[in-house]
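Take a look at the structure set out below.
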Amino acid sequence: MAVRNAADYHAQLRALLPPGPAWDAELVPEVDAALRGLAPELARADSRAFDLLNEADPLTLHEMLPDWERVMQLPDPCLGSAPALDDRKKAVRERLVGLGGQSAAYFERLARDQGYPNPQVVAHRAPRFGRARFGCAHFGTWAQQHMWTLYAGERPSGGRRFGASYWGERFGANPVQALECLVRRAAPAHTLEHILYEEAP
């Protein structure tokens, strides 16, 4: 959608005038002055209408972020009391289009969204007759039949550290609390999850 400026609206208003000497810009300059006074306001309304279209899309919103958050029941308590602006926008998009899930891929994506580039989910299986094989990895006792481990991998690149942070950021902050909160909230109720901040074996 093209946004029209004041000159475009002035030309449109001139084109809408009826023909005749009473509307001629040289003979009656007051009419043209009135049109030039109206054109900037019409251009401003056009620009704000374009902004409203952008605010209706969570990919391009900015001004109406508090309204989107109120409707979506955000900010997410998992992200802390004062998340960054980009994190707030991302939370709105995720709440609107996110489908959730209980697969390993879903929990790995949650970890990637929090800045962990190489997460991996390992499901532990209890030994069962006909399925247990000597030498198979990830077998445990009967107590492990509904357990799984998320290996988050290396520390996120966004962690605050000397030489890579700016004034006002909490030194040494690392968003592990957000990851743990998101994973535990989405985990199936009958499972017991573990989160380890190391590479998968």
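Please treat every number below as a calculation from the coordinates, not as lab data. Keep in mind the model is a prediction, meaning the values are calculated, not measured.
Expressed per residue, the C-alpha convex hull volume of the range 6-55 stands at 59 Å³. Each principal axis of the Cα cloud of the range 1-100 was taken in turn, and the coordinate range along them, longest first, works out to 69, 25, 17 Å.
The string of couplings for the range 102-113 from the Karplus curve (6.51, -1.76, 1.60, θ = phi - 60°) is 10, 7, 4, 4, 5, 6, 5, 5, 4, 5, 5, 5 Hz, one whole number per residue in order, with x for Gly and Pro. Computed extension gain for Gln177 through Ala200, at 0.36 nm per residue and net of the alpha carbon distance, reaches 6.3 nm.
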